[in-house]
1. Using amide H atoms built 1.01 Å from N in the peptide plane, name the residues 5+ places from Ala166, or on other chains, whose amide H lies under 5 Å from its own.
2. With a 1.4 Å probe and every protein chain left in place, work out the accessible area per residue of the chain in Å², rounded to a whole number.
3. Specify whether the C-alpha gyration tensor of the stretch 1-125 places it in the rounded, prolate or oblate class, a ≥ b ≥ c being the square roots of the eigenvalues: rounded for a/c under 1.5, otherwise prolate if a/b is larger than b/c and oblate if not.
4. Under 19 Å between alpha carbons, and skipping anything fewer than 8 positions from Lys11 in its own chain: which aspartates and glutamates qualify?
5. When the Cα centres of the stretch 167-189 and the stretch 60-89 are compared, how far apart do they sit, in Å?
6. Tell me, what % of the accessible area of the chain is carbon and sulfur with a 1.4 angstrom probe?
7. For the chain, what are the DSSP H helices with axial Cα length of 24 Å or more and mean Kyte-Doolittle hydropathy of at least -0.5?
8. Run the numbers on the chain and let me know its relative contact order in percent, using alpha-carbon pairs under 8 Å that are six or more apart.
Amino acid sequence: MARCTVIGNWKMHGTQTQARDLARGVRRLVGNRFRAVEVILAPPFTAIEATRRALAGSRVRLAAQNLHWQPSGAFTGEVAAGMLRDAGCSHVIVGHSERRRLFGETSRDVGRKLAAALEASLEPILCVGETLDERRRGDTHRTLSAQLSGALKGVPKSAIESLTVAYEPVWAIGTGRHAAPAQVADAHGWLRRALARRFGAASAREIPILYGGSVNPDNAAELARVAEVDGVLVGGASLDHQSFAAIVKVFSTEIPTATFNIRTTDT
Ligand code: PEP
């Protein structure tokens, strides 16, 4: 029974050889240990196959970092959900702030991507989070609300068993400045209540809510102890297998104060 989730988002880093070596390193250190933690790696598209091979037979799972909502067609440069399933992915990240901010993805786009992922039996990891300006204006909850309702519009209750939400304040991503425990507790509590309003309290408790934004081995324990934190989405620190494994280890020993009824893995 996985109690929490740790995801490594490698972003646009790594050749196939580098990805293979990094995945092997994670496999060596995480392998079949720390079974309370669901471990997922998200390499760039071109390294999915090399990573898949390096992880074959282990319980570490594969995510893609993005997808297009159409199943196929004249969409040069895009990749469909079915292709990601075929390549061995079980999960896909949708709505990462870098996609929203740098590539103009709207909440509507994110909603279409999420629906396409579900349709193809890919488990979506939905990222939401406010900018520093929005936080300073007191608009954090308003932003989370808009992003959540945009992405989840039309998503049936039956689909939530494969949904993961990641709270990633934009100002904490890649800055070396993680959100304070009180800020994380507030946002995660708000998200849990919003999910409960949409899907009912019992169902909302089944949805893992991860924190992301400058997580590293030194701050992981502090974050793991925050109420309603069911794991982390790790960018920079996931590019070093020892740092990433150290974070996984923290989440296997710290007992998250949140829900323990996170879905079982298939291992
Ligand atoms: C991310 O890209 O989702 C992320 C959390 O990055 P970092 O850990 O580098 O802040």
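The values are calculated or read from the model by the stated rules, or taken from the named source; none is laboratory data. All values derive from a computational prediction rather than experimental measurement. In this analysis, Cβ positions are derived from the backbone assuming ideal geometry, glycine residues included, and neighbour counts consider all displayed protein chains. SASA here: full protein model, heavy atoms, side chains in, ligands and nucleic acids out. Shrake-Rupley method; radii C 1.70, N 1.55, O 1.52, S 1.80 Å.
1. Leu126, Cys127, Val128, Leu210
2. 43 Å²
3. prolate
4. Leaving aside aspartates and glutamates fewer than 8 places away in the same chain, those within reach of Lys11 are Asp21, Glu49, Glu78, Glu98, Glu105, Glu123, Glu168, Asp240.
5. Using only Cα atoms, the two centres lie 29 Å from each other.
6. 50 percent
7. 181-199
8. 22 percent
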